[in-house]
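A short worksheet on the structure shown next.
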Amino acid sequence: MFKLAKCSCMLLAFGVILPLDLFAADPADSSWEDLRQLRAGQQIQVVEMNLRSQEGTFFQLSEEAISFRVEDRAVSVPRAEVFKVSLRGGRKRLRNVLLGMLVGGGVGLAVGAAQDRNHCGDPSSDYCYHKLAGGVLGLGFGAAGGAVIPAGPRILYRATPPQRGRK
């Protein structure tokens, strides 16, 4: 049983937890053009260079500025003053946990089935619970892996910091 747990843990670590970085966006590759995917009515958060943050409803983008509504007033922030723009309400933690459980349970079940195939054909074997144990372990590891996927807003744009010269 210890071999099953060890094998399952290693397989789940490589199969579920390590690829989680694929879900994270790399804002270092963002450009102002990435904001063109925004549609009127979407909830956004704009952080200005002075780190003042505002949340509102997007309605317009130009080469010079991004415009959105905060309550009843229209706000326009010049491009030079925009530090970061995030799309609000994009990712959901519960969905991520459920997807992690699905993947982890499947991987754990597959590992358990392989263990059953190797050990349950032996007439001296009294139990064949590898699929059950692998599935349960997989569900647990998958849920944990899904929970660590970022559930916050998705960053669409981040200004590149100015390069400081060496003296």
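Please name all residue pairs, on different chains or six or more residues apart, with Cβ atoms under 9 Å, provided the first residue is in the stretch 39-60 and is touching a residue at least 60 places away in the same chain (Cβ under 8 Å) and the second residue is surrounded by fewer than 13 Cβ atoms within 10 Å (Cβ to Cβ) and outside any strand (DSSP E or B).
Sorted first by the residue in the stretch 39-60, then by its partner, the pairs are Met49/Ala80.
Is it true that Gln60 is more than 26 Å from the chain's Cα centre (by Cα) and either outside any helix (DSSP H, G or I) or not small (Gly, Ala, Ser) (or both)?
When the stated conditions are applied, Gln60 passes them.
What pairs can you find where one residue is in the stretch 137-163 and within 19 Å of Glu48 (Cβ to Cβ) and of a type in the set (Phe, Trp, Tyr), the other is at pLDDT 80 or above and surrounded by 14 or more Cβ atoms within 10 Å (Cβ to Cβ), and their Cβ atoms are less than 6 Å apart, with a gap of 6+ or different chains?
If the second residue must be at pLDDT 80 or above and surrounded by 14 or more Cβ atoms within 10 Å (Cβ to Cβ), the pairs left are Tyr157/Asp34; Tyr157/Leu35; Tyr157/Val85.
Select from the stretch 81-96 the residues that are modelled with pLDDT of 80 or more and either in contact with a His (Cβ under 9 Å, 6 or more places away or on another chain) or surrounded by 14 or more Cβ atoms within 10 Å (Cβ to Cβ) (or both) and list them in ascending order.
Scanning the stretch 81-96 gives Glu81, Val82, Phe83, Lys84, Val85, Ser86, Leu87, Arg88, Asn96.
Of all residues in the stretch 61-95, how many are of a type outside the set (Phe, Trp, Tyr) and touching a residue at least 60 places away in the same chain (Cβ under 8 Å)?
9
The values are calculated or read from the model by the stated rules, or taken from the named source; none is laboratory data. Fair warning: this is a prediction, and the values are worked out from it, not measured in the lab. A quick note on method: Cβ atoms are made from the backbone with ideal geometry, for glycine too, and the neighbour counts reach across all protein chains shown.
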